[in-house]
Each structure stands twice: as C-alpha cells, then as structure tokens.
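The values are calculated or read from the model by the stated rules, or taken from the named source; none is laboratory data. Note that the structure is a prediction, hence the values are computed from the model and not measured. Cβ placement follows ideal geometry from the backbone for every residue including glycine, while neighbour counts extend to all protein chains displayed.
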C-alpha cells in the first residue's frame, strides 16, 4: 500500500514538474504541441503546459549584434573597397522567427548578413570612392537599415540599427594611393624648402645691405663728430696759445718730456743745447 502511494506521489510530482516552466525577463518563448505552435510571445514569469504533449522553446529576446567580417565591394569606378559593418537586431515575432528560421540564431545571422551584403553591394555600386568616403556613409547605412528591416520583418526580426564601422581601400589600391600621396607631399615639401631658401637668401642679403648702410652712416656721423671735436680742440688750443704763448710752449714741452722718458732705462742721444731741452737749461729768475 505504501509503495503504491509513493509511486502515486512521485508520479504526481513528476507530472507537476513537467507541467510548469518559467520564462526569464530576457527571454521569449513558444509552446509547441507535436511541433505545432499553440502559444507564442509568452510574458516573463511562471507558465503551465500539458506534460508529454506540449514542449517549450525559449529564445533570447535581448538586442543582439551581428558583426560580419569585412567584405570587398566595387564602386561605380570599379575600385575595390573593404567595408566593415554590423547589425543590431532582436526577435520581434517569435512565432515567425521559429517558423522561418527554425529558431536558429545562426541561420538568422547568415540570412541577415546576406541581406546586408546585397544592400551594400548595390549602394556602393552606385557611388564613387570620393562620395563614399566624403560623407555619404550615414546615408548608405540608413538605406541599408530600411531595406534590411523590410526583409527581416518576414522572419519575425526587428532591425534596430545598421552601422558601417570602417571603409578602407584594398591593400593594392591603398599602397598605390599612399605612394602617390607620398610623392605629392615630397613635391610640396621640396617646393616649400625652395621657397624658404629663396626667402632666407633675400632676408640675408637685405640684412647685409642694411649692415653696410648702418656702418657707413655710423662712420660718416663719427667722422663728422670727430671733425667737430678736432675743430673745437684746435679752437681751444688757439685761444690758450694766444693768451700765453710761453706757458703753452712750456706745457707742451712737459708733455713731450713725459712721453719721451717713460722708463728709467730709456736713453736719448740729443744735443743738450737743442730746443727740445730749452726748459731744462732755462734758469728761473
């Protein structure tokens, strides 16, 4: 009797456990009956199902990112560009998503990636490299978002955003562009150096000319001042000589003696009676 009761309790617990399921806040779910959807878009919380008949599939309802590998696209000029983009998406209609994608996120990513690639190929094919790089990136992304959203709605997917992260020239093209840019910069640098050298020579020549002019003016002014000084000195000497010629002669003789006999070792062979020693032989009365 006890064993039967235990079996009954265990069976009830087993059935109860298989009749209850929970949906997390970040999830959405569908209830299936023999593979057919009977309930969809279940709210987060506790739910019940018929055990052994119904099954539950849960899916991540949060925003997801599809970050595709960079792809090459041709512009209208037949130039290769490497484009790196990403897509933000989420499950909007879980029943459609389960029916069309079999609930497989990987398959959904492949389909979305192909839609985005086709859209980018069409948009880049209608534009030149200059148009793409100069500022039409946002416009392209918005158009891709619009077309991708229309196609993805049939899969139960909502497109939140499409962005182009990077646009690069292909390596062979970028190397060629880099070489041209380098040659152009070298040409500009050489031209600037040449103009700088020319300007430096002009400045140096002008500075040398100004130096010569300034020195000549200074020398001319100096000679004028020196001439005026000499004239003034001659005038003073003349006035002094005219007042007392004898004293003036005596003063100049003393200066001559002082200049001639600077050292005790100096020797001068001169007639003592010459005019040079006039004041040595002169007796003061």
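Summary table below
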| quantity | calculated |
| --- | --- |
| Condition broken by residue 81, with the remaining ones in (1) assigned to a helix (DSSP H, G or I); (2) crowded, with 18+ Cβ neighbours inside 10 Å satisfied | (1) |
| Residue 169 vs. criteria touching a residue at least 60 places away in the same chain (Cβ under 8 Å) and more than 30 Å from residue 92 (Cα to Cα) | yes |
| Of residues in the range 112-136 being closer than 15 Å to residue 87 by Cα and out of contact with any helix residue (DSSP H, G or I) (no Cβ under 7 Å at 6 or more places or on another chain), the one surrounded by the most Cβ atoms within 10 Å (Cβ to Cβ) | 113 |
| Residue in the range 249-260 that is at pLDDT 85 or above and not assigned by TED's automatic domain parsing to the domain that holds residue 84 present | no |
| Selection within the range 16-72 - within 30 Å of residue 163 (Cα to Cα) and in a strand (DSSP E or B) | 27, 28, 29, 58, 59, 60, 64, 65, 66, 67, 71, 72 |
| One residue from 168, 206 being more than 22 Å from residue 63 (Cβ to Cβ) and part of a helix (DSSP H, G or I) | 206 |
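Matching residues to (1) touching a helix residue (DSSP H, G or I) at 6+ places or on another chain (Cβ under 6 Å); (2) modelled with pLDDT of 80 or more:
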position	(1), (2)
2	no, no
9	no, no
12	no, no
16	no, no
19	no, no
28	yes, yes
36	no, yes
40	yes, yes
51	yes, no
